[in-house]
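Structure first, commentary second.
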Amino acid sequence: MKAKIAKAWKALPGPVRKTIVLVVGSTLIILGSLLVVLPGPFTLPLIILGLFVLGLEFAWAQRTLEQVKAQGSKLNPKKLFKK
C-alpha cells in the first residue's frame, strides 16, 4: 500500500507536487501560528508537521526541520518543568 502511494506521488509532475506540498505545509504552519495567539492546543506539533510536509519537496524546510530537531534535543524536560 505504501509503495503504491509513493509510486503515485512520484508519478505526479514536479510543479503539481510542489504546489500540493506548499499549500498543505503552509496551511499547517499558519494554523499552528494562529493557535499560539488563539486559545487551543497543538501549536508546536502543527508547526513541526508543516515543516515536515514542506521538507518533502523543499530543501530549506528540511534544513529548518533539522535545526528544530537539534534545538529540541537540547531541551531537558526536568529543568523545564521543575517546581
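Coordinate-derived values only; no laboratory data. Please read these numbers as outputs of a predicted model, since none were measured by experiment. A quick note on method: Cβ atoms are made from the backbone with ideal geometry, for glycine too, and the neighbour counts reach across all protein chains shown.
A few notes on this one:
- Looking across region 50-81 at every residue that is not in a helix (DSSP H, G or I) and not hydrophobic (A, V, I, L, M, F, W, C), the one that is surrounded by the fewest Cβ atoms within 10 Å (Cβ to Cβ) is identified as Asn76.
- Within region 6-47, considering residues that are among the basic types (Lys, Arg) and surrounded by 11 or more Cβ atoms within 10 Å (Cβ to Cβ), the one nearest to Ala61 (Cα to Cα): Lys18
- Residues located in region 28-47, provided they are in contact with a helix residue (DSSP H, G or I) (Cβ under 7 Å, 6 or more places away or on another chain) and outside any helix (DSSP H, G or I): Phe42
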